[in-house]
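The values are calculated or read from the model by the stated rules, or taken from the named source; none is laboratory data. Owing to the predicted nature of the structure, the values given are computational and were not obtained by experimental measurement. When we count neighbours, we look across all protein chains shown, and the Cβ atoms used for this are built from the backbone with ideal geometry, even at glycine.
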Amino acid sequence: MGIMEGLISGFLQAISLAVFPYLLIGAVFGLIIGVIPGLSGHFAMAMVIPFLYSMEPGAGIAFLLGAHSTVAQGGGLTAIFFSTPGTGQNAATLLDGSPMRNNGLGAMAAGAALTSCFLGATFGAAALALLLPVLQKVVLFFGPAEIFVLAFLALTFVAVLGKEDITRSLIAALLGLLLAMIGLDNVTNQERFTFGLLELRDGLELVPVILGLFAVAEMFELWVSGGSLTGSQTSPLSVKETQSQIFRGMIEAFKRWWLILRCSSIGTAMGLIPGLGSAPAAFIAYGHAKQTSKHKETFGKGNIEGVIGSEAANDAVEGGALASTVAFGVPGSSSMAILLSALFVLGQETGPKMLTQHVDVVFIMIFTIIIGNFIGMVGGAFLVNPLSRLTGLRGSLLVPVLIAIVFTGAFAVQRSWFDIGIALLFGVIGYLMKELDYSRAALLIGFVLGFAVEKNLYLATQLSGPYFLFDPIPLTLAIITIAFLAYNTWSIIRHRGEVNEDAG
Amino acid sequence: MRVGVRTLSIAALLSIGACSEPAGYPNKDITIVIPFNSGGGFDTYVRALAPGLERHLPNAINVLPKNLPGAGGRRGASEIFRSKPDGYTIGIFNMPGVLIPQLQNIPTSYELSQVTWLGTLGYDPYIYAVRGDSPLKSIEDVSELQRSVTYGATGPGSTSYVATNIVNERLGIPYEIITGYTGSSGYLLGLVRGDFDAALLSQSVARSYLESGDIRALAIFGSESSDPDVADADDLGAPELGQLRVVRMMGAPPDLPEDIRIMLEEALLASMQDQEFRVWLETTGNDVHPAGAAETEAAVSEMTQFYDQFKQLLD
């Protein structure tokens, strides 16, 4: 089947009566799962799988991916209104989303987030479609050496995120790298820092760590400080004001199309490389938005560009992650691993066969992502008003409910009671870090990328010896990394000089 | 007196509870523990089988799959082993994945020789694969190479790593294993990219890449070869290597009452013959090799003996 033929057939199937209703139900379901803290796309898809046994492939794929594609949109709303990432990937959104809410601009942030998600997803899906003819070559291009250097480049973004206090950021990032080492070492088969616990053998699970660092920590703070999430601002916005803010947010997002385009490219590229994942993508995009902004100093205090950048990258990741999943059956993210098994249930084989004989199935996925995110954007806009009203509730009412939901989310990933303990522990760590002004984002980036950096460094040295860095592609990437680091170090030193002059 | 009344009322409640349940096993839902996340072969097979089990067991109860991923299947195996032997918790074991740690004397909270085996769903043979355009055309070519052959695998102690060790030691091929890839699809990608010479892949992972020509099979272990260009264990003069395969076995905690075991075994075998399940196999290109409890038990002890003789290669 040719690509044009596949495109048309995929589109017609996606909007047909046999498929579209499932897409709609899936998208709305995903949105709701996303709003609930801790329940991620991973979870939404796992819940859908049992239904697939009796479904046609097209409908099943639309149902599953529809549910998955809107989760980040719902999660963004939770990040903005409850300072709690609805899913792991939304942790970056709350850096500027929740300050905007405190400034009374929550609905505007929500409008911008929903729209950026939709635009980012469309970009990622379109990129996947354009890459189809060369997809296998693109995926094969990234060997261990290349992934190592790219992961390292991503790691250097810590320097941008924590520019204001580079020492503290480095401490946090190194702590993250250390945490990534917990578990079985694949090369030597040694267990590291597991204390003989079977639960730690596979390393720390990402979701309970993120929930602890951001959600549980927030609950602790609310509990300690009392009052409500909105703080002093007592009267919630009127319905009319909320609506007008949503539209203004949407317009703001469209106005910053160039930023969305750049952050979507970052997201798509990070999705393409297996093992980097979507949580760091949003932080890297956030770092990029901050780096290139004219108003760097307002980041973290409610800059709409921070929300737009991270949310655009969030949903652009999926297009990229689908690429390696479809081309080689190598899942680009944990949810893609579930998609793979769902395709198996539906009797679809990924890999070369899908690209040559079932290209229409790939296009059903592409259109499902785009249409699903559009549904998510419209549906999400209706959720803004009720959610913003909830934030006015007293902390003593809100905290117990949210804590229960968050712990359920931590448990659900692996059905593990141990993970609830992990969430609680990282809640304490996250609270202390927030109070003492250490960057939780830096810790998370170190933690997530630590795996990729270490594993691929091992593989690259085993494959091409200690001088693998001097091969052309890794060398080019390494030079970019060094240049990037040098520029940032220089600007930090210059900035420090300015501050000293001001002081003097 | 008061205590007496309370005891009586509790007794009354209990008897009402007992009366409302249908007589005999099973009278409540049965849980099937799957030691992996939703996804992958183990999960899909169990989920496709569950409706059949419900049909073939007396009384209207549900059969509920429960995913307990972690530690390469050991967490799930422990959970099954430690459950009450009442027939309401059964599970699927990945062999030899959960067997190898036991032979390495890693402390495990299960003992496979005590498990009440119910039956086997089937197995997945190992394919000895090279890249599609590799100059190596047969295992003979490989053994005539004047250097160490390089292989990719996940990590030491993993089933693929152990299988690679056993094949090369048995066939006397000098070799080197590059470890650290994530999952079988990870080193499959490495093989296609040309990171190393060859790899042992399970057939289900390799299938579509063999068809597309991205990789080529030189040998198959754990099943007879139907292709003259692909050698099997017998062709290589090492019939015992036929033991190298991933097997999906169903089991229950030790000391399961015999009548319940028979009921479960029969339901399992019957549901694998169901029209609905057969259609699912057909459309998804999967297959089963059903075996009963006695055969499964024999297979476990045979497999244990096989891996035991290669004990020094396990880690």
Go through B:P22, B:P35, B:P58, B:P69 for me and flag whichever is modelled with pLDDT of 80 or more, over 16 Å from B:M263 (Cα atoms) and not polar (S, T, N, Q).
-> B:P35
Taking B:P85, is it modelled with pLDDT under 90 and over 12 Å from the mean Cα position of the chain (by Cα)?
-> no
Say whether the condition of being farther than 17 Å from A:G41 by Cβ, hydrophobic (A, V, I, L, M, F, W, C) and not in a helix (DSSP H, G or I) is met by at least one residue in segment A:299-308.
-> yes
Unique match (being surrounded by fewer than 17 Cβ atoms within 10 Å (Cβ to Cβ), within 30 Å of B:L118 (Cβ to Cβ) and of a type outside the set (S, T, N, Q)) among B:E240, B:E211 | B:E240
Taking the condition among the β-branched types (V, I, T) and under 20 Å from the mean Cα position of the chain (by Cα), does B:I127 pass?
-> yes
Of (1) over 30 Å from A:V399 (Cβ atoms); (2) away from chain B (no Cβ under 14 Å); (3) among the β-branched types (V, I, T), A:V48 satisfies every one except (2)
Sort out which residues of segment A:194-203 are more than 9 Å from chain B (Cβ to nearest Cβ) and either assigned to a helix (DSSP H, G or I) or within 18 Å of A:F43 (Cβ to Cβ) (or both), and write them in order of number.
-> A:L200
Conditions (1) farther than 30 Å from A:K240 by Cβ; (2) in a helix (DSSP H, G or I); (3) under 27 Å from the mean Cα position of the chain (by Cα); (4) at pLDDT below 85 -> A:N500 fails only (3)
Go through segment B:232-248 and count every residue that is in contact with a Leu (Cβ under 7 Å, 6 or more places away or on another chain) and either within 21 Å of B:S134 (Cβ to Cβ) or among the aromatic types (F, W, Y) (or both).
-> 1
Is there a residue in segment A:416-436 that is of a type outside the set (S, T, N, Q) and at positive phi?
-> no
When you scan segment B:141-180, how many residues do you find that are of a type in the set (A, V, I, L, M) and touching a residue at least 60 places away in the same chain (Cβ under 8 Å)?
-> 6
Exactly one of A:L179, A:L174, A:L184 is of a type in the set (A, V, I, L, M), closer than 23 Å to A:W417 by Cβ and in contact (Cβ under 8 Å) with a residue 24 or more places away in the chain, and that one is A:L179
A:I210 being within 14 Å of chain B (Cβ to nearest Cβ), in a helix (DSSP H, G or I), modelled with pLDDT of 85 or more and buried (at least 21 other Cβ atoms within 10 Å of the Cβ) | no
Quick one: how many residues across segment A:325-367 are under 22 Å from the mean Cα position of the chain (by Cα), touching a residue at least 24 places away in the same chain (Cβ under 8 Å) and either within 8 Å of chain B (Cβ to nearest Cβ) or under 15 Å from A:G41 (Cα atoms) (or both)?
-> 10
Can you tell me which residues in segment B:247-286 are within 14 Å of another protein chain (Cβ to nearest Cβ) and among the hydrophobic types (A, V, I, L, M, F, W, C)?
-> B:F277, B:V279, B:W280, B:L281
Hey, among the residues in segment A:172-188 that are within 13 Å of chain B (Cβ to nearest Cβ), part of a loop (DSSP other than H, G, I, E, B) and touching a strand residue (DSSP E or B) at 6+ places or on another chain (Cβ under 8 Å), which one's farthest from A:I429 (Cα to Cα)?
-> A:V187
Within segment B:274-288, which residues are β-branched (V, I, T) and assigned to a helix (DSSP H, G or I)?
-> B:V279, B:T283, B:T284
Taking only segment A:14-23 into account, find how many residues are buried (at least 17 other Cβ atoms within 10 Å of the Cβ) and modelled with pLDDT of 90 or more.
-> 4
Can you find even one residue in segment A:91-99 that is in a helix (DSSP H, G or I), surrounded by 24 or more Cβ atoms within 10 Å (Cβ to Cβ), β-branched (V, I, T) and more than 14 Å from every other protein chain (Cβ to nearest Cβ)?
-> yes
Of the residues in segment B:50-70 that are crowded, with 21+ Cβ neighbours inside 10 Å and small (G, A, S), the one that is nearest to B:F36 (Cα to Cα) is B:G70
Restricting to segment B:243-260, what's the tally of residues that are over 15 Å from the mean Cα position of the chain (by Cα) and either of a type in the set (V, I, T) or surrounded by fewer than 20 Cβ atoms within 10 Å (Cβ to Cβ) (or both)?
-> 6
